[in-house]
Structure formats: C-alpha cells, structure tokens
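Enquirer: Okay, handing you the structure first.
The values are calculated or read from the model by the stated rules, or taken from the named source; none is laboratory data. Quick caveat: nothing in here was measured; it's all calculated off a predicted structure. Cβ coordinates were reconstructed from backbone atoms using ideal geometry, including for glycine residues, and neighbour counts include every protein chain displayed. These area figures cover heavy atoms from the full protein model, side chains too; ligands, DNA and RNA do not enter into them. Shrake-Rupley method; radii C 1.70, N 1.55, O 1.52, S 1.80 Å.
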Amino acid sequence: MYKNIQQYKDIREKILSGVSKLNDPIAGTLTPLGKNVIIQDDKGSVFSTNDGFTIAKNIFLKDPIEYATVELIKPASFKTNSIAGDGTSTTILLASTLIREGFKLIDEGYNPMQLKRDLDNVSGALSNEIKKRKLDIVDDNDLFHIAKTSSNNDVGIASDVVKIVN
C-alpha cells in the first residue's frame with residue numbers, strides 16, 4: 001500500500017489550513033448569540049445550523065493532509081459531545097488553539113517531545129480541576145437553565161427538555 005511520508009516543514013501549512021477549515025465555521029457558532037452556517041451534507045441536502053456537532057460531522061476535505069488533520073480532531077470533539085451532551089465546538093476551538101500555539105513554540109525551537117510531556121501534565125491537572133469545580137444538576141431549575149442556553153434561549157424547548165427528562 002502506498003504511503004505518503006512527509007516532514008513537518010513540508011506539511012505545517014496544510015495542517016494549519018485543515019485546522020482553520022474545521023475551526024472557523026464552528027467558532028462563529030459559539031454562545032447563544034452564535035451565527036448559523038450553511039452546509040451541504042453527504043447526500044447533497046443544504047441546510048442552516050449552528051450546531052457544532054452537525055457542522056463538524058459534515059466537514060470533509062479533499063487534500064489528504066487537511067483531511068487527516070480534521071479527522072484527528074473530530075473524534076475528541078465527538079467524545080466530548082457523547083459524554084457531556086454538548087461541547088463539540090468548544091473542544092474543536094481548544095484543539096485548534098493548542099495546535100496553533102504548539103506550532104509557534106516548535107517554530108521558536110521548543111522541543112516537540114517536551115511539549116507533548118508538558119501538555120500531558122497540564123491535561124491531567126486540568127481534568128482534576130474540572131472535577132473539583134463541576135456542579136451537579138440538582139433540580140429541574142438547573143436543567144431548565146442548561147437546556148435554555150443550549151437551545152439559544154428558547155424557553156419552549158427548554159421546558160420540553162425538562163418534561164422529557166422527568
């Protein structure tokens with residue numbers, strides 16, 4: 001089987017391009033005031049959405065390096081969505097920022113292996129901090145506020161979510 005092996009200096013810009021092509025349409029959808037994106041799914045249907053999961057799911061790139069980059073980021077964002085029920089867009093934004101800033105450090109001479117070790121250490125510490133700060137949903141009012149935020153402040157949808165869960 002044919003393998004295309006390239007060095008960092010030869011593919012750096014394509015990796016960053018792939019990151020941007022995934023991140024840019026999704027970043028604009030963040031927050032309840034986020035904008036919609038018009039996308040075409042793999043069946044040819046065109047629709048408008050501000051759901052990061054739906055947008056990410058429908059981004060496929062022709063360039064093999066850009067495609068590989070996107071396909072490395074997507075599973076992390078989908079896992080976040082699966083576990084937390086949301087967070088696809090935030091995960092993609094964080095991954096994109098880490099990649100861009102990591103490249104800057106590498107370009108300035110920072111050791112890539114040390115960068116990986118540093119990121120692993122920060123990741124563990126961050127996970128522990130998130131666990132300490134998490135807030136449990138204790139009543140329907142908490143659920144309502146989360147559902148309202150997730151539905152762009154749509155009170156009807158938020159109320160329906162509370163009814164469905166109960």
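Enquirer: Return the residues of segment 8-32 that are free of Cβ contacts under 8 Å to residues at least 60 places away in the same chain and under 30 Å from Asn153 (Cα atoms); say none if nothing qualifies. Break it down into steps so the answer makes sense when it comes.
Expert: Here is the first cut: in segment 8-32, the residues free of Cβ contacts under 8 Å to residues at least 60 places away in the same chain are 9-11, 13-14, 17-18, 21, 24-25, 28, 31.
Matches in segment 8-32: Lys21, Asp24, Pro25, Gly28, Thr31.
Enquirer: Here's a follow-up. Go through segment 1-44 and count every residue that is of a type in the set (Ser, Thr, Tyr) and either open to solvent by less than 50 Å² (accessible area, probe 1.4 Å) or touching a strand residue (DSSP E or B) at 6+ places or on another chain (Cβ under 9 Å) (or both). Steps first, answer last, please.
Expert: Quick first cut of segment 1-44, residues of a type in the set (Ser, Thr, Tyr) only: 2, 8, 17, 20, 29, 31.
From what's left, either open to solvent by less than 50 Å² (accessible area, probe 1.4 Å) or touching a strand residue (DSSP E or B) at 6+ places or on another chain (Cβ under 9 Å) (or both): 17, 20, 29.
The qualifying residues number 3.
Enquirer: Sticking with this structure for a sec: When you go through (1) assigned to a loop (DSSP other than H, G, I, E, B); (2) within 29 Å of Lys148 (Cα to Cα); (3) open to solvent by 70 Å² or more (accessible area, probe 1.4 Å); (4) without any contact (Cβ under 8 Å) to a residue 40 or more places away in the chain one by one for Asp86, which number turns out not to apply?
Expert: (4)
Quick grid of which residues meet (1) surrounded by fewer than 11 Cβ atoms within 10 Å (Cβ to Cβ); (2) in a helix (DSSP H, G or I); (3) at pLDDT below 90:
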| site | (1), (2), (3) |
| --- | --- |
| Ser82 | no, yes, yes |
| Thr91 | no, yes, no |
| Ala95 | no, yes, no |
| Phe103 | no, yes, no |
| Gly109 | yes, no, no |
| Gln114 | yes, yes, no |
| Glu129 | yes, yes, no |
| Asp136 | yes, no, yes |
| Val162 | no, yes, no |
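Enquirer: Let me ask something else. Filter segment 36-80 down to residues that are assigned to a helix (DSSP H, G or I) and of a type in the set (Gly, Ala, Ser) and give me whichever is nearest to the chain's Cα centre (by Cα).
Expert: Initially, segment 36-80 is screened for residues assigned to a helix (DSSP H, G or I), giving 52-57, 64-80.
After this cut, where a residue has to be of a type in the set (Gly, Ala, Ser) as well, the list is 52, 56, 68, 76-77.
On the way: Gly52: 7, Ala56: 8, Ala68: 15, Ala76: 7, Ser77: 5 Å.
Among them, the one singled out is Ser77.
Enquirer: Could I ask something else about it? Which count do you get for residues in segment 138-160 that are outside any helix (DSSP H, G or I) and exposed (fewer than 10 other Cβ atoms within 10 Å of the Cβ)? Before you say what the answer is, go through the steps one by one.
Expert: Initially, segment 138-160 is screened for residues outside any helix (DSSP H, G or I), giving 138-139, 151-154.
With exposed (fewer than 10 other Cβ atoms within 10 Å of the Cβ) added as a condition, the list becomes 138-139.
Qualifying residue count for the region: 2.
Enquirer: Take Leu61 and decide whether it is open to solvent by less than 50 Å² (accessible area, probe 1.4 Å) and either free of Cβ contacts under 8 Å to residues at least 40 places away in the same chain or farther than 16 Å from Ala27 by Cα (or both). Explain how you work it out, then say what you get.
Expert: On the way: open to solvent by less than 50 Å² (accessible area, probe 1.4 Å): yes; either free of Cβ contacts under 8 Å to residues at least 40 places away in the same chain or farther than 16 Å from Ala27 by Cα (or both): yes.
It is true that Leu61 is open to solvent by less than 50 Å² (accessible area, probe 1.4 Å) and either free of Cβ contacts under 8 Å to residues at least 40 places away in the same chain or farther than 16 Å from Ala27 by Cα (or both).
Enquirer: On to the next question. What number of residues within segment 96-139 satisfy the criterion of being under 22 Å from the mean Cα position of the chain (by Cα) and on the phi > 0 side of the Ramachandran plot?
Expert: Of the residues in that region, 0 qualify.
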